[in-house]
1. Tell me which of these I57 doesn't satisfy, since it passes every other one: (1) closer than 21 Å to T84 by Cβ; (2) free of Cβ contacts under 8 Å to residues at least 24 places away in the same chain; (3) under 14 Å from the mean Cα position of the chain (by Cα).
2. How many residues are open to solvent by 30 Å² or more (accessible area, probe 1.4 Å) and under 16 Å from L109 (Cα atoms) if we restrict to region 41-61?
3. Would a scan of region 79-90 turn up a residue that is within 20 Å of L141 (Cα to Cα), open to solvent by less than 60 Å² (accessible area, probe 1.4 Å) and under 14 Å from the mean Cα position of the chain (by Cα)?
4. If you check every pair at least six apart or on different chains, which have Cβ atoms under 6 Å apart with a residue in region 72-90 that is at positive phi and in contact (Cβ under 8 Å) with a residue 40 or more places away in the chain first and a residue that is assigned to a strand (DSSP E or B) and exposed (fewer than 14 other Cβ atoms within 10 Å of the Cβ) second?
5. So which pairs qualify, if the first residue must be in region 155-168 and more than 13 Å from D67 (Cα to Cα) and modelled with pLDDT of 85 or more, the second must be outside any helix (DSSP H, G or I) and not acidic (D, E), the Cβ gap must be under 6 Å, and the two must be at least 6 apart or on different chains?
6. Do we have E92 as outside any strand (DSSP E or B), acidic (D, E) and over 25 Å from A166 (Cβ atoms) here?
7. Is it the case that region 136-146 has a residue that's part of a helix (DSSP H, G or I) and either of a type in the set (S, T, Y) or open to solvent by less than 70 Å² (accessible area, probe 1.4 Å) (or both)?
8. Just one of (1) over 25 Å from A29 (Cα atoms); (2) within 14 Å of the chain's Cα centre (by Cα); (3) modelled with pLDDT under 90 trips up G131, so point out which.
Amino acid sequence: MSVIRAATGADAPAVDALLRACFPRDAEARLLQQLAIDGDLVLVLVAEDDGAVVGMIAASRMQVAADTREIAAVAIAPLAVDRTARGQGVGEALVAAAIAHLRSAGVELGFVLGDPAYYGRFGFEATTARGFDSPYAGEYLLGIRLNDGPCVHTPGMAAHAQAFAALGEDA
């Protein structure tokens, strides 16, 4: 059984290696590095099994506005699980832990770019993200209301941290 915990600086090499092993290119590893350099990371959790990092999830600051007000929002990405730990609930545990942490921090909205069938299990919906002006708008941009704040009546603008621009069309 994996233990989910906040990442520390000592985890950086293992997290970097995990991202490079889990994705076909190094863009996600570079994304996480740039988010850290820019100060845009708000959360990084790791799943640890027998002292080894077998999974990770990150959340970064977004600039989101609707109904003429700023909304506390994050992008949840990347999520990675080592091939040897897949199918054991590690990814699900990381997503659930991230949602719990973000809720307790007062974040109102979370966005993810991913499979609606997977992320829908946690409450992410395309309808929550629909209408926000974003370069990632479409069926795979999903949102979740994390806390009850003033009701958002009209979606507005949702801008990811600048580091996401480097992902380009492959995001």
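1. So I57 meets the others, but not (2).
2. 3
3. Going residue by residue through region 79-90, those that are within 20 Å of L141 (Cα to Cα) are 79-80.
Subsequent filtering for residues that are open to solvent by less than 60 Å² (accessible area, probe 1.4 Å) retains 79-80.
Then drop every residue that is not under 14 Å from the mean Cα position of the chain (by Cα), which leaves 79-80.
Looking for residues that are within 20 Å of L141 (Cα to Cα), open to solvent by less than 60 Å² (accessible area, probe 1.4 Å) and under 14 Å from the mean Cα position of the chain (by Cα), one finds at least one in region 79-90, hence yes.
4. Nothing qualifies.
5. Here the result reads A159/Q63; H160/M62; H160/A75; A161/S60; A161/R61, each pair linking region 155-168 to a residue that is outside any helix (DSSP H, G or I) and not acidic (D, E).
6. Values: outside any strand (DSSP E or B): yes; acidic (D, E): yes; over 25 Å from A166 (Cβ atoms): yes.
Yes, satisfied.
7. no
8. Going through the list (1) over 25 Å from A29 (Cα atoms); (2) within 14 Å of the chain's Cα centre (by Cα); (3) modelled with pLDDT under 90, G131 breaks only (2).
The values are calculated or read from the model by the stated rules, or taken from the named source; none is laboratory data. Quick caveat: nothing in here was measured; it's all calculated off a predicted structure. Here the Cβ is made from the backbone with ideal geometry for all residues, glycine too, and neighbour counts use every protein chain on show. To get the accessible areas, we keep the full protein, side chains included, count just its heavy atoms, and leave off ligands, DNA and RNA. Shrake-Rupley method; radii C 1.70, N 1.55, O 1.52, S 1.80 Å.
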